[in-house]
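To start, the structure itself, in structure tokens.
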Amino acid sequence: MSNQRTILVFAEQRDGKLKRSVLECLALARELAGSGGGSIHAVLLGAGVASLAGELKEHGASRIHLADSETFRLPTNETYVAALAAVCAESGSPLVLFPASAMGRDLAPRLAARIDAAFVAECLSLSTRAEGYTAKKSMLGGKVFATLDISGAGPVVVTMKPGAHAASPAPAAGEVAALSPVAVDARARIVGLAAGGGDGVDLQEADVVVSGGRGLKGPENFHLVESLAKAIGGAVGASRAIVDAGWVAHHHQVGQTGVTVNPKLYIACGISGAIQHLAGMRGSGCIVAINKDPEAPIFKVADYGLVGDAFEILPLLTEEIRRVREAS
Amino acid sequence: MRIAVLIKQVPSSEARIRITADGRGIEPGDVEFVVNPYDEYAMEAALQLKDKFGAEVVTVSLGPPRIHEALRTSLALGADRAVALDDPALFGADAGGVARMLAAAVRKLEADLVLCGKLSIDEENSSVGVQVAELLGWPHVSVVSKLEFADERHARVEREIEGGVEQIDVDCPAVLTANKGLNEPRYPSLKGIMMAKKKPLESWDAAALGLDASAVGAAAARVRIVALEPPPPRPAGQLVTGDAKEMVTKVVAALKNDRKLI
């Protein structure tokens, strides 16, 4: 049955855990449905994931389209998109929200092309207007913020930047609807998973990011950044300079050709602040910069600037944070 | 084997951006346009396949006349021919429209493989390559950081995800979108630059693509930029004073007590 007001949220999970940004998407969907009396549906795909329906209901999903079978254990994009397209066809939903995660970025544009939907990625906000939606997103690695009008007939698919919208519980009496697996002969098949950089917290979703740059002199000193990140419970970031120099893997890179981050706290260690780096982290809640050059551009965006030797400051900072966190 | 490499010109990541008076674009005069960095990894991957299998490499770009420069560079690097979608009737499309144009170009080229960057660093939609795959009815793998072809039809690739990599077997024809780390892009040689002058660089308009411009261009765009703004200014910060130990004590106290972050 078609319901023009149903907003669909892709309930991304890995290893039986919901991505935090799914809950953020549900909160946004409730806001968009608002007084119109629209309903929020979640699409949950996986194997042995049925128990996650409870958490989705807690956050306002009134119906959970669940495919719980071996077919969906791995996020094979052709299989997942076929299932999502089937739910879109059944629900007649005008809007589908995805987290802007590795999985969301892989699936959402493909679904949009399949159902002939307008598509916008990495949105910081989304609101309704008389004829369609208004989205805001960062472009050029954070150097500009764009307002986009989405209009015209047909559905809309959007990925939402993690952390851009707050999650908030709002229990709904949700029902679970079983989704029959769609047979797909996938031509791109996941044959293995390997941990790599699975050592820490996801950079994009982290509340705290500790980044290092060339001021650390060499890869042998990068452990100072990793220790601080560990002490404060944050993710490890890096400047482009040291990624290009091969000190750390690319997935740590913060900036225009890496990850744009907006954590609550960003600590920049030995980073001078190239324009493409600043663009990628200036949306952080609070910025602490440690650099020996008082003229470094990083101090222009820092809330707290520490001019000094990172080799002296970082071990003391790690120790002090550990002490304070243990005491509280 | 024929490989289509989709490239885009974007403002350099070093560029300072000024917004135009109407608030809808950026001042082009200030900006150096370069090939999107992720497209360079796609280009290098194509050239490596050319070396391995003798594949034909065709580069395709959509945009104003300046894209000829980027396409000529791709020929100098080793592409065999290039196609410019430089018909103004095609401009102003949204990401979906761009994907339709590029898919039409790939179809006309009868390519077996499409390589492009995982995202363009200007609009940051990471959608075009994936959508081209869907429109062609091909599989795709996005964010590819490792690529090995067993033969011309079968590849094992690695794709970066949060905290790890997925290993994926993909059958061609397919679209692969390249991440940083896939390879080390080469530079054009002097000989390559000389040879590039003789290689074919064609311009295709909407008719050549078999498309009605009004159905894919600006008139059909469902997503439109209505305003651009600079990032919001940050409140003035403070320099923490004292020796290393004093600075650390002060900043941790501020993060704990004032900011409630620790």
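Quick notes on this structure:
- Residue among B:GLY97, B:GLY129 that is touching a residue at least 60 places away in the same chain (Cβ under 8 Å) and in contact with a Ser or Thr (Cβ under 8 Å, 6 or more places away or on another chain): B:GLY129
- When each of B:LYS245, B:LYS256 is tested for being modelled with pLDDT of 95 or more, outside any loop (DSSP other than H, G, I, E, B), surrounded by 15 or more Cβ atoms within 10 Å (Cβ to Cβ) and not aliphatic (A, V, I, L, M), the lone residue that passes is B:LYS256.
- Unique residue being over 23 Å from A:GLN204 (Cβ atoms) and modelled with pLDDT of 95 or more when the list is A:ALA135, A:ALA170, A:ALA118: A:ALA118
- Residues that are in contact (Cβ under 8 Å) with a residue 24 or more places away in the chain and out of contact with any helix residue (DSSP H, G or I) (no Cβ under 8 Å at 6 or more places or on another chain), drawn from the stretch A:282-292: A:SER284
- A:HIS41 being crowded, with 22+ Cβ neighbours inside 10 Å, in the same structural domain as A:GLY154 (by TED's automatic domain parsing), at pLDDT 95 or above and in contact with a Lys or Arg (Cβ under 6 Å, 6 or more places away or on another chain): yes
- Flag for A:THR147 being surrounded by fewer than 22 Cβ atoms within 10 Å (Cβ to Cβ), β-branched (Val, Ile, Thr), within 14 Å of chain B (Cβ to nearest Cβ) and at negative phi: yes
- Number of positions in the stretch A:46-84 that are over 17 Å from A:LEU111 (Cα atoms) and within 14 Å of chain B (Cβ to nearest Cβ): 2
- Top-ranked residue in the stretch B:88-135 [being assigned to a loop (DSSP other than H, G, I, E, B) and polar (S, T, N, Q); ranked as farthest from the other protein chains (Cβ to nearest Cβ)]: B:SER120
- Tally of residues being in a loop (DSSP other than H, G, I, E, B), over 13 Å from B:GLN9 (Cα atoms) and more than 14 Å from chain A (Cβ to nearest Cβ) across the stretch B:26-64: 2
- One residue from B:LEU239, B:LEU228 being within 30 Å of A:ALA117 (Cα to Cα) and outside any helix (DSSP H, G or I): B:LEU228
- When we screen B:ARG72, B:ARG100 for residues that are basic (Lys, Arg) and closer than 19 Å to B:ALA196 by Cβ, the only hit is B:ARG72.
- Enumeration of residues in the stretch A:54-90 that are within 27 Å of A:PRO169 (Cβ to Cβ) and part of a loop (DSSP other than H, G, I, E, B): A:HIS59, A:GLY60, A:ALA61, A:SER62, A:PRO75
The values are calculated or read from the model by the stated rules, or taken from the named source; none is laboratory data. Note that the structure is predicted; figures quoted are calculated from it, not measured. A quick note on method: Cβ atoms are made from the backbone with ideal geometry, for glycine too, and the neighbour counts reach across all protein chains shown.
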